[in-house]
Structure formats: structure tokens, C-alpha cells
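The values are calculated or read from the model by the stated rules, or taken from the named source; none is laboratory data. No experiment lies behind these values; they were computed from the predicted model shown. Ideal geometry is used to build each Cβ from the backbone, glycine not excepted, and the neighbour counts take in all protein chains shown. Quick note on the areas: whole protein, heavy atoms, side chains included, nothing else; ligands and nucleic acids left out. Shrake-Rupley method; radii C 1.70, N 1.55, O 1.52, S 1.80 Å.
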Amino acid sequence: MIFSPLCNIISRKFSRLLFWIALTLVLSTHDLYAEQFKATGTLDVYFSPNGGATEAIIKEIDLAKKEILIQAYSFTSKPIAKALVGARKRGIKIEAVLDKSQRKEKYTSADFVAHAGISTYIDSSHAIAHNKIIIIDRNTLITGSFNFTKAAEEKNAENMLIIKGNRSLVDRYISNFEEHKKHAEGYLGK
């Protein structure tokens, strides 16, 4: 009988000790991780519906000097597709890794950009290739929940960030892009 309350006291003290050790480890790891991605550069945020995200994307595409990398789940925005084609005509290297649904869906921009000579790949190695990113000139990162669609701009509640000048963060996204491109299949359009 005396042993049971003593075990409970020891167990509670041990649990508290384990909690504090775990919390210390988590916080120290968080500090190391946060240090790796210090807030550098600039950050702009957009919300929809009707928050100007599509317009902001087009503006950034129009500023591109060398390269645009895209990963998209849903890509049906005609204005964004036209801006990409315009960038391609200016000599900008563009690569797009899209979800497998883009191969089957009607009215996708995958065919439009593929036929315009933009290197297009289909990532069908996952249930959904749900990334929504654009990387411009290895300096500007566009990401968030915002799909590159008319509905995302006009009907959905979405968010989008444009991050410029955070090289270590952009490099992580480029690495992820390259990883998905490796297992994606080239797509020439229908």
C-alpha cells in the first residue's frame, strides 16, 4: 500500500522531468532550424477572393530575367498561362511540374503552356502533387494555398506569399522542385 503512492509521486516527477527535457530539446531544435531560415528579404501577402494574387503573380512573371520554375496542383488561369508564354517568348527558361489531373481535366493550361514550348512535366508519383509554387530567378518564391485558377482568385478563400531575397529558403524549394521533376514524366500536350 505504501509503495503505490510512492510510485505515483515518482512517476509524476519523472513525467515532469521528461516533459521539461523534451520541451528543451524541441525549443533548441526550433532555434537551430529558425536560425537556418532567418527572416531576410521582403514578404508580401495576398488573400482571396479578389485580393489581387493573380495580378501579383503576373507582375512577378513579367519581371523575370532568366528562369521560372512552377509546381502546381490546379492550373487553369488563362492570365497566368499567357504571362508564362510571354516570358517564354522573351527567352526566359520555364519548367512546370504539374499534378496528374492536369493531363485529364478539361480547360487546363498544361496543354497551352506545353504547346507554347514550355518544358512541362506531370508528377503522378503521389496521390496528389499539391504544391503551389513559382520560383523566379532563384530569388523570388511565390507559395501558399492559392491554386493558379480563376476560382482561387474570384471565389475561394486563399492565401499567397511572395518572398524575395531569402536564399536559403528558396534553395530548399528549388531542391524540392528538382526532386519532383526527377520522377515526373515529360508532357507535350494533347
- prompt: Is it fair to say residue 145 is free of Cβ contacts under 8 Å to residues at least 40 places away in the same chain, open to solvent by 30 Å² or more (accessible area, probe 1.4 Å) and hydroxyl-bearing (Ser, Thr, Tyr)?
  reply: yes
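Yes/no per residue for (1) touching a Leu at 6+ places or on another chain (Cβ under 6 Å); (2) not in a helix (DSSP H, G or I):
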position	(1), (2)
59	no, no
69	no, yes
79	no, no
88	no, no
114	yes, no
128	no, yes
131	no, yes
143	yes, yes
When (1) within 18 Å of the chain's Cα centre (by Cα); (2) open to solvent by 70 Å² or more (accessible area, probe 1.4 Å); (3) not basic (Lys, Arg) are applied to residue 115, the one that fails is (1)
| said: Taking the criterion of being surrounded by fewer than 21 Cβ atoms within 10 Å (Cβ to Cβ) and in contact with a Pro (Cβ under 7 Å, 6 or more places away or on another chain), would at least one residue in segment 163-177 satisfy it? | reply: no
Those residues of segment 125-144 which are under 15 Å from residue 56 (Cα atoms) and touching a Lys or Arg at 6+ places or on another chain (Cβ under 8 Å) amount to 140, 141, 143, 144
- request: Could you please let me know if residue 156 is in a loop (DSSP other than H, G, I, E, B), open to solvent by less than 70 Å² (accessible area, probe 1.4 Å) and in contact (Cβ under 8 Å) with a residue 24 or more places away in the chain?
  value: yes
Of those in segment 99-112 that are open to solvent by 40 Å² or more (accessible area, probe 1.4 Å) and outside any helix (DSSP H, G or I), the residue modelled with the highest pLDDT is 100
Restricted to segment 129-141 and to residues being in contact with a strand residue (DSSP E or B) (Cβ under 6 Å, 6 or more places away or on another chain) and farther than 22 Å from residue 65 by Cα, the residue surrounded by the most Cβ atoms within 10 Å (Cβ to Cβ) is 129
